[in-house]
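Quick notes on the structure that follows.
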Amino acid sequence: MRAPAVVRLPALLKALFPDSERVVKIEAETVEDVMNGLEARWPGMRDRLCDTTPAIRRHINVFVEGERARLDTRLEPGADVFILTAISGG
């Protein structure tokens, strides 16, 4: 059996989806599978993370094992996936 990816979500999503969790395990082969898994658990979450092209929204950063990822990024079993909101300033 495949080890699920460990997905860490930003605090902002907890505010938008009060019954969500900050760390979840999702069976996924790609980042897109992660997004679909999040959507299945908390409807509407994918729309907050992805646009309609489909791609990850510009203000969202996804990292897999420390490397910037796209929706088509493949995941190794048990991969660490971090979803972060971009911070800007000046």
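Bear in mind that the values in this text are calculations on the coordinates, not laboratory data. This is a predicted model, so every value here is computed, not measured. Cβ coordinates were reconstructed from backbone atoms using ideal geometry, including for glycine residues, and neighbour counts include every protein chain displayed.
What to note about this one:
- Pair-distance profile P(r), taking every C-alpha pair of the stretch 44-90, with 10 angstrom steps and integer %: 24, 53, 21, 2
- Potential lengthening between Ala40 and Lys14 on full extension [0.36 nm per residue; Cα-Cα distance subtracted]: 7.8 nm
- Our summary gives the stretch 5-85 a relative contact order of 38 percent, counting only alpha carbon pairs under 8 angstrom and 6 or more residues apart.
- Residues of the stretch 38-63 with amide N under 19 Å of a point placed 7 Å along Cα→Cβ from Val6: 38, 62-63
- Per residue, the convex hull spanned by the Cα atoms of the chain measures out at 97 cubic angstrom.
- Spacing of the two label points (7 Å from each Cα toward its C-beta) at Asp47 and Arg70, in nm: 2.6 nm
- Difference of contour (0.36 nm per residue) and Cα-Cα distance, Arg57 to Asp33: 7.0 nm
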